[in-house]
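Chemist: Pasting in a structure now, in structure tokens, and then I'll have a few things to ask.
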Amino acid sequence: MRLLLDTHLILWWEGNHPKLPQVVRQTVLEQSEAVYVSRASLWEMAIKISLGRLRVDLARLIGAVESQGFEWLDIRNDHLLAVAELPTFDDHKDPFDRLLVAQSLTEPLILLTVDDKLARYGATVRIV
């Protein structure tokens with residue numbers, strides 16, 4: 001199984017946070033062929049850091065992602081075109097989440113997320 005971790009999950013994974021669902025740890029360690037972290041998540045974190053809404057050492061996080069053997073997923077044109085095709089919902093318009101969904105559909109990858117509002121985007125989204 002090829003996985004894409006959402007931004008919360010990568011932060012919790014790298015911080016060994018107690019909020020990380022055990023099923024994520026098991027899925028990554030026991031069932032994954034490859035685990036991806038989107039550059040969109042890195043971009044989202046950088047923006048939140050600049051706004052004072054997140055405190056994390058991005059250079060350390062980048063190194064940790066790579067040392068875990070996770071792979072970076074670049075943002076490509078086909079991902080961006082897929083965002084334009086996604087339905088929009090009044091209660092959830094987060095552009096980073098929408099890009100992660102588009103990437104999961106395009107690649108395809110299983111997007112692991114704790115955001116249950118993303119379930120309506122289809123089979124490539126798994127709520128944990």
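Chemist: Identify the residue in the range 69-128 that is touching a residue at least 40 places away in the same chain (Cβ under 8 Å) and of a type in the set (Phe, Trp, Tyr) and, among all such residues, is farthest from PRO18 (Cα to Cα).
Modeler: PHE96
Chemist: Residues in the range 64-77: is at least one outside any helix (DSSP H, G or I), out of contact with any helix residue (DSSP H, G or I) (no Cβ under 9 Å at 6 or more places or on another chain) and hydrophobic (A, V, I, L, M, F, W, C)?
Modeler: no
Chemist: Could you check the range 39-95 and list, in sequence order, the residues that are touching a Lys or Arg at 6+ places or on another chain (Cβ under 7 Å) and not hydrophobic (A, V, I, L, M, F, W, C)?
Modeler: Those that are touching a Lys or Arg at 6+ places or on another chain (Cβ under 7 Å) and not hydrophobic (A, V, I, L, M, F, W, C): ASP74, ASP91, HIS92.
Chemist: With the requirement that a residue be exposed (fewer than 14 other Cβ atoms within 10 Å of the Cβ), part of a helix (DSSP H, G or I) and over 16 Å from the mean Cα position of the chain (by Cα), what does the range 40-63 give you?
Modeler: SER50, ALA59, ARG60, GLY63
Chemist: Regarding LEU5, is this residue at pLDDT 95 or above and farther than 19 Å from ALA123 by Cβ?
Modeler: no
Chemist: Among the listed residues LEU81, LEU99, identify the single one that is farther than 15 Å from LEU3 by Cβ, of a type in the set (A, V, I, L, M, F, W, C) and surrounded by fewer than 19 Cβ atoms within 10 Å (Cβ to Cβ).
Modeler: LEU81
Chemist: Would you mind finding the one in VAL24, VAL37, VAL28 that is buried (at least 18 other Cβ atoms within 10 Å of the Cβ), of a type outside the set (Lys, Arg), assigned to a strand (DSSP E or B) and touching a helix residue (DSSP H, G or I) at 6+ places or on another chain (Cβ under 9 Å)?
Modeler: VAL37
Chemist: I'm checking my understanding of the structure. Among residues of the range 11-21 that are of a type outside the set (D, E, K, R) and either surrounded by 10 or more Cβ atoms within 10 Å (Cβ to Cβ) or in contact with a helix residue (DSSP H, G or I) (Cβ under 7 Å, 6 or more places away or on another chain) (or both), which one is modelled with the lowest pLDDT?
Modeler: It comes out as GLY15.
Chemist: Here's something else I'd like to know. Which residues, taken from the range 1-39, are out of contact with any strand residue (DSSP E or B) (no Cβ under 8 Å at 6 or more places or on another chain), hydrophobic (A, V, I, L, M, F, W, C) and touching a residue at least 60 places away in the same chain (Cβ under 8 Å)?
Modeler: Selection gives VAL23 alone.
Chemist: I've got another one for you. Take the range 78-98 and flag every residue that is assigned to a loop (DSSP other than H, G, I, E, B) and among the aliphatic types (A, V, I, L, M).
Modeler: Passing the criteria: only LEU86.
The values are calculated or read from the model by the stated rules, or taken from the named source; none is laboratory data. Computed from a predicted model, the values in this text were never measured in an experiment. No Cβ is skipped: glycine too gets one built from the backbone with ideal geometry, and neighbour counts run over all protein chains shown.
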